[in-house]
1. Taking residue 19 as the residue in question, decide whether it is assigned by TED's automatic domain parsing to the domain that holds residue 74, in contact with a strand residue (DSSP E or B) (Cβ under 9 Å, 6 or more places away or on another chain) and more than 16 Å from residue 66 (Cα to Cα).
2. Among helices (runs of 4 or more DSSP H) lying entirely in segment 13-107, which contain 3 or more residues that are out of contact with any helix residue (DSSP H, G or I) (no Cβ under 7 Å at 6 or more places or on another chain) and at pLDDT below 85?
3. Does residue 33 satisfy the criteria of being assigned by TED's automatic domain parsing to the domain that holds residue 129, out of contact with any strand residue (DSSP E or B) (no Cβ under 8 Å at 6 or more places or on another chain) and either free of Cβ contacts under 8 Å to residues at least 40 places away in the same chain or farther than 26 Å from residue 133 by Cβ (or both)?
4. Working only within segment 1-10, note down all residues that are touching a strand residue (DSSP E or B) at 6+ places or on another chain (Cβ under 6 Å) and modelled with pLDDT of 90 or more.
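The values are calculated or read from the model by the stated rules, or taken from the named source; none is laboratory data. Source: prediction; values computed, not measured. Positions of Cβ are generated from backbone atoms using ideal geometry, with glycine treated the same way; all protein chains shown enter the neighbour counts.
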């Protein structure tokens, strides 16, 4: 039995009414009955996690959209990212994902082969990205 499915069963025992979205690589996936629910709402294709469990999901880049759609439909849900103990605030979680992306792009820079113009453009992009997370008053 997969680690995600074990966690899913545990969470469903705690609250069967919630839909659980698991971060798995660059996707968020739903399992079993939650997958069927998401598939019915968003017309997602169901695939098999194993012989007895279905799954479906969407790319990480679309998380904000699906959070807003689930909230608008008043569907109770939780995001389960096994790198976090508990996610209480979805906007903080989304901002943290954006910050990780910014840090990753900085770490990937080849400072020995970057021109001044490229450096300026990179800093400007980072500034704009950070302003979406921390808007100035």
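1. Numbers: assigned by TED's automatic domain parsing to the domain that holds residue 74: yes; in contact with a strand residue (DSSP E or B) (Cβ under 9 Å, 6 or more places away or on another chain): yes; more than 16 Å from residue 66 (Cα to Cα): no.
Here the answer is no, as residue 19 does not meet what is asked.
2. Numbers: elements: 32-42, 63-72, 90-107.
Counting at least 3 such residues, we get 90-107.
3. Values: assigned by TED's automatic domain parsing to the domain that holds residue 129: no; out of contact with any strand residue (DSSP E or B) (no Cβ under 8 Å at 6 or more places or on another chain): yes; either free of Cβ contacts under 8 Å to residues at least 40 places away in the same chain or farther than 26 Å from residue 133 by Cβ (or both): yes.
In short, no.
4. 8
Yes or no, residue by residue, for (1) out of contact with any strand residue (DSSP E or B) (no Cβ under 6 Å at 6 or more places or on another chain); (2) surrounded by 10 or more Cβ atoms within 10 Å (Cβ to Cβ); (3) in contact (Cβ under 8 Å) with a residue 60 or more places away in the chain; (4) within 30 Å of residue 122 (Cβ to Cβ):
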site	(1), (2), (3), (4)
12	yes, yes, no, no
29	no, yes, no, no
44	no, yes, no, no
49	no, yes, no, no
71	yes, yes, no, no
94	yes, yes, no, yes
107	yes, no, no, yes
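Rundown of residues vs (1) surrounded by 13 or more Cβ atoms within 10 Å (Cβ to Cβ); (2) free of Cβ contacts under 8 Å to residues at least 24 places away in the same chain; (3) at positive phi, yes/no style:
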residue: 80; (1), (2), (3): yes, no, no
residue: 100; (1), (2), (3): no, yes, no
residue: 115; (1), (2), (3): no, yes, no
residue: 118; (1), (2), (3): no, yes, no
residue: 122; (1), (2), (3): yes, yes, no
